Amino acid sequence: MSEEQVSIAVFNQALLGVFGHGIHTCIVVFALWAIFSSKERLPRTRNIMVFFIVLLYIFATTCVATNWAYVIYFSIGKGSASFVQKLHRWPGVTMGINAGIADCITIWRCWIIWGRRWSVIILPILLSLVQTVCGSLALQRNLHDTATGHSPSEVDWTIIYLSCSLGTTLLCTALIIYRIVTVKKCTDDGANMNTYRRVIEILVESASLYAIGLIGYIVLLTLNVITSYYPQVIYVSITAISPTLIAARVASGNARPNDSWQASNNASSLRFGSAAHSTSMNADSELTVNGQDVDLEQDGSEATDNRELQHVLNTGQDSENRGKEAASNL
């Protein structure tokens, strides 16, 4: 790629980054409004969600700001060459940090939903470790590379890094959905499965957004064409938007409209946060059905947990209407 092509790509990348960041900003504002305006009192959960939402937003903003600063310095031809070169490396750093945070959140959700079983998340953790190593090597190549465009070694390590991130996201999402479906089947006859569609819908849509961005980035980076500059800033925004979107939707209770399902469901919700209990010091992830908190953590046998879950589902409900009403807030 020529110097002129690179300069045009860098400028377009900065513009695209601002556009993506604008969408991200709107989602963050809506998410924070939904969390703080929620009637439920879950201060610990709320604080954790707010912390990660703001942290992801800060790093995404840093990426956009450094991109624009690089474009300005690159365009006017002023400033130290070494400073400009270092400035251009920051988007890669923020991308790695945001991707790491997003993957850690996904693994943590999977761990909580599976009752803190470490055996379930061993593979996602290993993928994350490989991802961290490959990301560090790609960043090292990027810092020491002075050539125009991406070097072959940097491209190779980045592709492995992105592939591990994609594997972590898809694997954890599949495990979470499998857990929800199996627990529901073990505690009911399956007639009320529609009440859990909102939970699965939110998870799948968020994972799909993340996966599509990753796959597009991997393909363009593999081809090593001029357009490979563009997905990076979009990917930085997506890594922050994906977990923020989940928090926003479940905090506000918004999913697909009720009339889009044949059965009338108010919602089912999956709590990814922690709730303090008066009789226990442990913080648990819960399913909320008709205002009842159902602990998914399995300290005993599978059969014992299923009976407890069945008991909560049946409490105070008519047999014909069971499962048709549920809270959609985290």
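The values are calculated or read from the model by the stated rules, or taken from the named source; none is laboratory data. Being a predicted model, the structure only gives us computed values, none of them experimental. Positions of Cβ are generated from backbone atoms using ideal geometry, with glycine treated the same way; all protein chains shown enter the neighbour counts.
Take the conditions at pLDDT 85 or above, farther than 26 Å from residue 5 by Cβ and out of contact with any Lys or Arg (no Cβ under 6 Å at 6 or more places or on another chain) and apply them to residue 206. Does it pass?
Criteria not met by residue 206.
Hey, could you check segment 209-229 for residues that are at pLDDT below 75 and assigned to a helix (DSSP H, G or I) and say which is surrounded by the fewest Cβ atoms within 10 Å (Cβ to Cβ)? In this case the residue turns out to be 227.
Among the residues making up segment 230-244, a single one is over 15 Å from residue 102 (Cα atoms) and surrounded by 24 or more Cβ atoms within 10 Å (Cβ to Cβ): 233.
If you go through segment 96-127 and keep only what is closer than 25 Å to residue 61 by Cβ and basic (Lys, Arg), you end up with just 109. Every condition in (1) modelled with pLDDT of 90 or more; (2) among the hydrophobic types (A, V, I, L, M, F, W, C); (3) not in a helix (DSSP H, G or I) holds for residue 191 except the one numbered (1). In this structure, is residue 171 surrounded by fewer than 21 Cβ atoms within 10 Å (Cβ to Cβ) and modelled with pLDDT of 90 or more? Yes, satisfied.
Close Cβ contacts (under 7 Å, 6 or more residues apart or on different chains) running from residues in segment 132-148 that are basic (Lys, Arg) to residues that are in a helix (DSSP H, G or I) and at pLDDT 85 or above comprise 141/157.
The residues listed here are 52, 30; of these, the one that is on the phi < 0 side of the Ramachandran plot, surrounded by fewer than 20 Cβ atoms within 10 Å (Cβ to Cβ), in contact with a helix residue (DSSP H, G or I) (Cβ under 6 Å, 6 or more places away or on another chain) and at pLDDT 85 or above is 30. For segment 109-128, a residue qualifies if it is crowded, with 17+ Cβ neighbours inside 10 Å, farther than 23 Å from residue 244 by Cβ and either at pLDDT 90 or above or polar (S, T, N, Q) (or both), and exactly one does: 120.
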